[in-house]
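Written out below as structure tokens is the structure these notes cover.
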Amino acid sequence: MAANHLKCCVFGARSMSELYGQVLESISNVAAVGRNYPMLTEWGVRDEDVLIHSLGCSAWTSIGHELGYMAVCECPAPSAYSAGIRSDSAWFSRSSRKPEVLIEFERFDGTEHGVRKLDEKVRNLLDAANRWPDMPKLLVMSAWSKGLVSAPDTSSLLKLCRTGFKTHVGAQVPAMRNTVLLFNRLIFQTNADGTLTLTRSMSERLQ
């Protein structure tokens, strides 16, 4: 990477389109993800406990560092009207010192239960985003699956973004404004020894 480009990434303000393009390029390059986390792409990882979740959160946080952010795993949002929320990864701008990207990473199995989990995680993203003094520019819902399972109906997720929702305590979380939601899918294949390896990344802009 050229020095002047790196300086721009670290210190310069990025437009929404620039940020979106950089994140999309980074997560779409499975080989690049594997350079930092070869367990995901070369060694193979067993679906045990929360190991894949830990690796996924770490990989997303690593991408944030590479793009010039101060990226933090399990970052709590400011306290508000209901239970605490921790984003799986949050990327803070080094110039504004505010989060510009929030990420949730979740298993998706193609079932109705899986769809409900995605809905819950997107609600967490929107709630967390609204708790910060300034809304982040980009929210990422990253879902991983064993094989290419049925794609979720993203229209319900888009509706949440456009209308907002009420929390379980009745607090209104407003609709997204000047923020983009990226829906990402990471596809793992099952190997002969039972381990999983990341083989494909697909993304869709929902808002």
**Message:** I need the full set of residues from region 130-143 which are under 16 Å from TRP91 (Cα atoms), modelled with pLDDT of 95 or more and among the aliphatic types (A, V, I, L, M), in order please.
**Reply:** LEU138, LEU139, VAL140, MET141
**Message:** Going by what's in this entry, would ARG185 be described as crowded, with 17+ Cβ neighbours inside 10 Å and among the charged types (D, E, K, R)?
**Reply:** yes
**Request:** Look at region 68-85 and say how many of its residues are surrounded by fewer than 19 Cβ atoms within 10 Å (Cβ to Cβ) and either within 25 Å of ARG162 (Cβ to Cβ) or among the hydrophobic types (A, V, I, L, M, F, W, C) (or both).
**Result:** 8
**Fill in**
Only one of SER62, SER87 is within 13 Å of the chain's Cα centre (by Cα) and either among the charged types (D, E, K, R) or within 19 Å of SER203 (Cα to Cα) (or both), namely SER62
**Request:** Pairs only if they're at least six apart or on different chains, beta carbon under 9 angstrom, first in region 24-53 and at positive phi and crowded, with 18+ Cβ neighbours inside 10 Å, second of a type in the set (A, V, I, L, M, F, W, C) and at pLDDT 95 or above; list them, first residue then second.
**Result:** GLY44/LEU196
**Request:** State whether one or more residues within region 160-169 are surrounded by 14 or more Cβ atoms within 10 Å (Cβ to Cβ), in contact (Cβ under 8 Å) with a residue 24 or more places away in the chain, touching a strand residue (DSSP E or B) at 6+ places or on another chain (Cβ under 6 Å) and not in a loop (DSSP other than H, G, I, E, B).
**Result:** yes
**Prompt:** Before we move on, is THR199 touching a helix residue (DSSP H, G or I) at 6+ places or on another chain (Cβ under 9 Å) and within 22 Å of PRO99 (Cα to Cα)?
**Reply:** no
**Complete:** Considering region 131-148, residues that are in a loop (DSSP other than H, G, I, E, B) and touching a helix residue (DSSP H, G or I) at 6+ places or on another chain (Cβ under 8 Å), and then whichever is nearest to THR179 (Cα to Cα), we arrive at LYS137
**Prompt:** Do we have any residue at all in region 115-133 that's under 18 Å from ALA71 (Cβ atoms) and acidic (Asp, Glu)?
**Reply:** no
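The values are calculated or read from the model by the stated rules, or taken from the named source; none is laboratory data. Every value quoted in this text rests on a predicted model; they were computed, and no experiment measured them. Cβ coordinates were reconstructed from backbone atoms using ideal geometry, including for glycine residues, and neighbour counts include every protein chain displayed.
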